[in-house]
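> Structure in structure tokens, see below.
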Amino acid sequence: MSRSTLVTWAVFTALLSMALFVAACSSDLSGPALVGAEPVQAASQEAAEPAAADPAPQEEVAAEAAAEEEFPDEHFANLLELDPSQFDHATTIDNPWKPLKPGTQYVYEGITVENGEEIPHRIIFTVTDLTKVINGVRTVVILDQDISDDALVEAELTFFAQDNEGNVWHLGQYRETYDETEFVGGRVWLVDLPEGAKAGIMMKAHPEQDSSDYSQGYAPAPFNWTDRARVYEVGQQTCVPYDCFDNVLVIEEYNQEEPGAFQLKYYAQGVGVVRVGWRGDDSQQETLELVEVIELDEEALAEVRAHALELEERAYMYSRTQPAELLPAQ
């Protein structure tokens, strides 16, 4: 599905009003069932990324102060401009560090920490065979499902495209949240929607250590997407349940809303992300390992496609109506 880059004020208002849609629809809309891979045994605690010790309160304050000093507000305003003329084959995403072949599904398992308790965590990341035109660029649609303690808590459509140089761009996302699989609400931002939203780079064509950081996209309040990334390490080795890898690239990601917290993503050439870790003052302390890569058959891919289109429809359902108005005086 595609839409014009000329968005009417009604649609703009409706998308920003998605919270109102939650109140109207959460009682009779359920979230999508899990699609794709069957559950597999959770990764063991020993196999997961080693957890850092909890910092003392004074260390947390020092970490936040250091992060604020290293990344002042104007740092996060250093954004990228998308040039649609540089995307001749945008949906052929063959960057060796982040290949996105339609029909490929990645399954990750690990843990997150909530109130000091380790919670089993599972991600199913599927490259669909859907495309969507955003701001003049045709993107590949990703369905990302987030399962916590065997319950679907979030589903997301993310939109990626590759430019002529081989950089993989992120052009926005639609995210839904659930309460025990019941639909709670959704929120969408795309390039130039709302005004000021920008695309960013998820993977450079030639990532090099000691290079400057870069924006992974930007959306103003209430979305507050300020993610940035930089090359943290190169030439690493790591083993996960799926396989062992040499020459691993580690990308460090962070944002303005969580000073001092850093997510580490480990990339293997020809595969993509194989491990997720963390450092610093990260409250969730998420760790993930790649446990399976599946090439979906036509039936399984069609099922994924159907669920992705359900999310897409909910993202635009409210925009098909006129904004609410005051009742006329009686």
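The numbers here are math on the coordinates, done by the rules we state, and not lab data. Computed from a predicted model, the values in this text were never measured in an experiment. Don't worry about glycine lacking a Cβ; one is built from the backbone with ideal geometry, like all the others, and counts go over all protein chains shown.
> Going by average Cβ density within 10 Å per residue, which order do the peptides 217-223, 114-120 take, highest to lowest?
Going by the mean number of other Cβ atoms within 10 Å, highest first, we get 217-223, 114-120.
> Once you have all Cα-Cα distances for segment 172-242, histogram them in 10 Å bins from zero and send the whole-percent values.
Spelled out per bin, shortest first, that is 16, 32, 29, 20, 3.
> Once R0 is set to 30 Å, what does the formula 1/(1 + (r/R0)^6) return for the Cβ-Cβ distance between E292 and N164, expressed as a FRET efficiency to the nearest 0.05?
Plugging the Cβ-Cβ distance into 1/(1 + (r/R0)^6) gives 0.35.
> Along its three principal axes, how long is segment 244-330 when you only count alpha carbons? Whole Å, largest extent first please.
Cα extents, longest axis first: 72, 43, 18 Å.
> Over segment 218-283, what number does the Rg to Rh ratio reach, with both radii from the alpha-carbon atoms and Rh per Kirkwood?
A ratio of 1.05.
> Grab the beta carbon distance between E195 and E117, set R0 = 51 Å, and tell me the FRET efficiency rounded to 0.05.
Calculated value: 0.80.
> Residues in segment 181-225 near a label at M317, defined as backbone nitrogen under 12 Å from the 7 Å Cα→Cβ point?
183-186
> Take peptides 167-174, 269-276 and line them up by average Cβ neighbours within 10 Å, highest first, as a rough protection proxy.
Descending mean neighbour count gives 167-174, 269-276.
> Still on this structure: If the chain between N224 and A302 were fully stretched, how many nm would it gain, using 0.36 nm times the residue separation less the Cα-Cα distance?
24.8 nm
> Place the peptides 284-297, 234-247 in order of packing, highest mean first, counting for every residue the other Cβ atoms within 10 Å and averaging per peptide.
284-297, 234-247
> Over the residues of segment 176-305, compute the C-alpha Rg and express it relative to 2.2 N^0.38 Å.
That works out to 1.22 for segment 176-305.
> Could you give the length gained by full extension between L79 and Q269, i.e. 0.36 nm per residue of separation minus their alpha carbon distance, to one decimal place?
Taking 0.36 nm per residue and subtracting the Cα distance, the gain is 65.7 nm.
> Can you compute the modelled spin-label distance between E154 and E310, with each label point 7 Å from Cα toward Cβ, in nm?
2.0 nm
> On a C-alpha basis, how far is the centre of segment 257-271 from the centre of segment 75-102 in Å? Whole number, if you could?
18 Å
> Just the number, please: Stokes-Einstein D of segment 118-238 in µm²/s, Kirkwood Rh from C-alpha pairs, 4 °C, 1.567 mPa s.
Translational diffusion coefficient: 81 µm²/s.
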